[in-house]
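Worksheet: one structure, shown below.
What follows draws every value from the coordinates through simple rules; no lab data is involved. Computed from a predicted model, the values in this text were never measured in an experiment. In this analysis, Cβ positions are derived from the backbone assuming ideal geometry, glycine residues included, and neighbour counts consider all displayed protein chains.
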Amino acid sequence: MNKKKRISNIQYPTSNVQGGRWGLAVALVAAMLVAGAARAAEPAARELTLSECVGLALENNLELKIGKISRAVAKQEVEAAKGGYDPELSVSAKRTHEETAGEGAGTAAGALEVLGTETDNDAYEASVGGATGLGGLSYKVGARTGDSEGTRAGNPFDASTGSAGLTLTQPLLKGFKSDATRYSVALARGQSEEARVELEAKVQEVLAQVEKAWYALVRARESIRVQEDAVRLATQLYEDNRRKVQIGAMSLLDEKQAESQAASARAELSTARRAYAEAQNQLKSLVFADHRNFRGTGLAAAGELEARPVAVNLAAAGERALLDRPALRQARLALERQGITVRHQRNQTLPSLDLVGGAGVAASDEETRGDVFDRMEAADEPYWTVGVTLAFPLGNRAAKSRHAQSLATEEKLRLQLQQLEETALVEVDDAAAAVATGLERVQATEEARAYAEQALQAEQRKLASGKSTSFVVLQLQRDLTQARNAEIQALVDYNLQLSALALAQGTMLERHGVQFAVE
């Protein structure tokens, strides 16, 4: 069935009761004056389609702005983690003074030889070092120079030394597959991607809220129309009955019953108008960021209710939900991130076995620093070192416990993902069933409203010919009002059921033609 159900052009029946024309005219004029005064008192209305509301919400909604900031913060955390690879420059300068005392037998009888020393050392060192992402490899490039001067055994001395070289440290066990910096970067990237999906989920939720608020505004608007016509019908009947009572053709009870229903209809109209004002405020809070500037602006929904039949493939809808639903994607990312933690904690249980190597040039006991630099440049005194360092923690309970905790957390996240998948499938099934029954309800309420209109028209003709009573007409007026409200509610519910199905599948962006592109 491809026919759309609309309520935009509902034709409300008028009373066929004859007589009381002057009273009816007065009542209608009064109703028009009241309605005109009410409209004059209302703030200027800004008409918005659902698509326009969606665009405004994406631009102004405070919850989405907060989510974007959270996403940006998570993205910056990746750069902060990469800072672990930034090299560190270290520069030092040090002066040391040392004195030692001692004496021994001299060469002449009774003479003593002074064996003490007095030394002043100046040392200067500069180095650049850091970590790399190559299997935990770390490096240090540096140069050192120093001057020593003083006396030794009574003899003065002055010498300069220096060296320049590169030292590399390569973990072979602990730190080889996962070191602290690589672990931090991997976690930050995972959290950044989760924040992106979380923002997408928030966007979908806000769109669902906007859609709900927009349809609530439409429902409130249509309810006002229904109640205004209910007031009109009840007022017409009251005026006719009052005229008949005046000429003795009807009892006072019939007049009072009609008057009571007219008063009740006016009360319901006031309630509908209050609901309309509340619906406007709810929509404003979603599409505008500053309520102060829009307090005097009314909102009106530019559009009519309709029911577009949608065929739902239950199996495909479930698979779509498992694939696209943001909550499930976020849960999978969290599980992947926990896998990184498990691997890192497993690596931390291993002993440390580091291969250390270095090479460089040196200069020793030169007379001046210039000689030191010349000697190092000539590479006359090269050196190299190679070694292995093993550190085996005894017990290692802390690392083993953290590894066990990470495994337990991974299993917990896996079960939570399974639980979310089951919940998603159930929600999709429920939403699909609601869409199917919702369309049937729309069709049924449309027929019920049409039958209620026909029944009231027929009963009004019978009343005009004296074959019915005012009480029956009043009851049929109430039935028609209820049928109209039921049709409106069914149309609103059906559209919200389609929205709920899109949200359950994770296709709310597609439903509104929104592309999510946040880097």
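Of LYS75/LYS400; LYS256/LYS462; LYS94/LYS174; LYS65/LYS177; LYS177/LYS400; LYS75/LYS202, which sit over 27 Å apart, Cα to Cα?
Violating the 27 Å limit, Cα to Cα: LYS75/LYS400; LYS94/LYS174; LYS65/LYS177.
Stretch ASP429-VAL91 to full length: gain in nm at 0.36 nm per residue minus the Cα-Cα span?
Length gained, ASP429 through VAL91: 114.9 nm.
Taking a point 7 angstrom from the Cα of ASP122 along the C-beta vector, which residues in the range 129-158 have backbone N less than 14 Å away?
145-150, 158
Based on a Kirkwood Rh over C-alpha pairs, give the Stokes-Einstein translational diffusion coefficient of the chain at 25 °C and viscosity 0.890 mPa s in µm²/s.
77 µm²/s
Stretch SER260-GLN457 to full length: gain in nm at 0.36 nm per residue minus the Cα-Cα span?
Extra length available between SER260 and GLN457 comes to 68.8 nm.
So what's the angle, to the nearest 10 degrees on a 0 to 90 scale, between helix 180-246 and the longest Cα principal axis of the chain?
For helix 180-246, the angle is close to 10 degrees.
Suppose each label sits 7 Å from its Cα in the direction of the beta carbon; what would the GLN405-HIS291 distance come out to in nanometres?
4.3 nm
Output wanted: per-residue J couplings in Hz (rounded whole) for the range 140-149, from phi through Karplus 6.51 cos²θ - 1.76 cosθ + 1.60, θ = phi - 60°, x for Gly and Pro.
8, 10, x, 9, 9, 9, x, 10, 10, 8
Could the peptides 183-192, 296-305, 479-488 be put in order, highest first, of the mean number of other beta-carbon atoms found within 10 Å of their residues?
479-488, 183-192, 296-305
Give me the net charge of LEU207's neighbourhood, meaning all other residues with Cβ under 14 Å from the Cβ of LEU207; Lys, Arg count +1, Asp, Glu -1.
It works out to a net charge of -4.
How far, in degrees from 0 to 90, does helix 50-60 lean away from the longest principal axis of the Cα atoms of the chain, to the nearest 10?
30 degrees
If you bin the C-alpha pair distances of the range 466-519 every 10 Å from 0, what whole percents do you get?
For the range 466-519, the binned pair fractions read 20, 25, 19, 15, 11, 8, 2, 0 percent.
Please give the Cα centre distance for the range 319-348 versus the range 213-247, rounded to the nearest Å.
Answer, in whole Å: 58.
Distances over 22 Å make up what percent of all Cα-Cα pairs in the range 130-281?
The calculated P(r) of the range 130-281 puts 75 percent of pairs beyond 22 Å.
What's the long-distance tail for the range 320-395, i.e. % of Cα pairs beyond 18 Å?
Roughly 70 percent, rounded to a whole number.
Per residue of the chain, what 222 nm ellipticity follows from adding -39500 (n - 2.57) for every DSSP H run with n ≥ 4, rounded to the nearest 500?
-21500 deg cm²/dmol
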